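See structure below.
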Amino acid sequence: MAFWSEQILEPKRAFRFIVKLKGMPNEATFYAKKAQKPSLKISEQEHKYLNHNFYFPGRATWEPISITLVDPATPDAIGNLMAIIESSGYIIPGNQNVLRTISKDRAVRAAGAPPGTAIGGDIEIIQLDADGSTDEANVLEKWTLRNAWIMEVTPSELSYDSEELSTIELKIRFDWAELRTKETLTGVPIVT
């Protein structure tokens, strides 16, 4: 049975996704224009013996991801992102009354907690099916970035030659990612 001849089988589509940045108003679900899925890199260790090289797996490292957001005027995405950076502990030079630096605890809580709460959270990338609902029955993949924090904020350039929307490129660092698929979310076993 060929994949393409079955009408009920459908590939995942790259344009059916949302990103939840819980530190932003409304979790910024409509802001995301692009999002990288997490990638895992396993280092290698080489052992040389006579004329041979043997390789052994080393440590697993999750690579930072990039997320591109559209910058609406209301709610102001860049303003909210800079508030997250300030909540992480960054203080603009000249404010000598505050002696504080960025900490991981504050950075994780600022990026992943809903505004007004002190509880830390995580960033989620959710890939949806054709129905587009965020109900568990419609979620194809759900990546949860654990202990995520924003390491770069890069607004797009301004130009009289362009009619494009203003965007913001984020680089997100996290300790690990957890993947839940439709099968693990609904309890249906994965067919191999």
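The values are calculated or read from the model by the stated rules, or taken from the named source; none is laboratory data. Predicted model, so just to flag it, every value in this text is computed and none were measured. So basically every Cβ, Gly included, is an ideal-geometry build from the backbone, and we count neighbours across all protein chains shown.
Would you call Asp129 in contact with a Leu (Cβ under 9 Å, 6 or more places away or on another chain), under 30 Å from Leu9 (Cβ atoms) and either of a type in the set (D, E, K, R) or without any contact (Cβ under 8 Å) to a residue 40 or more places away in the chain (or both)? So Asp129 passes the test. Is one or more of the residues making up region 44-51 within 27 Å of Lys142 (Cα to Cα) and either without any contact (Cβ under 8 Å) to a residue 60 or more places away in the chain or among the charged types (D, E, K, R) (or both)? The answer is no, given that none of the residues of region 44-51 is within 27 Å of Lys142 (Cα to Cα) and either without any contact (Cβ under 8 Å) to a residue 60 or more places away in the chain or among the charged types (D, E, K, R) (or both).
Among the residues of region 150-180, those identified as within 16 Å of Ala28 (Cβ to Cβ) and among the β-branched types (Val, Ile, Thr) are Ile150, Val153, Thr167, Ile168, Ile172. Within region 30-40, one or more residues are part of a loop (DSSP other than H, G, I, E, B), more than 30 Å from Tyr55 (Cβ to Cβ) and not acidic (Asp, Glu).
Scanning region 1-55 for residues that are basic (Lys, Arg) and surrounded by 10 or more Cβ atoms within 10 Å (Cβ to Cβ) turns up Lys12, Arg13, Arg16, Lys20, Lys22, Lys33, Lys34, Lys37, Lys41. In the set (1) free of Cβ contacts under 8 Å to residues at least 40 places away in the same chain; (2) over 20 Å from Pro155 (Cβ atoms), the condition left unmet by Ala113 is number (1). Checking Lys12, Lys37, Lys20, Lys33 one by one, the residue that is out of contact with any helix residue (DSSP H, G or I) (no Cβ under 7 Å at 6 or more places or on another chain), modelled with pLDDT under 95 and under 30 Å from Glu163 (Cβ atoms) is Lys33 and no other.
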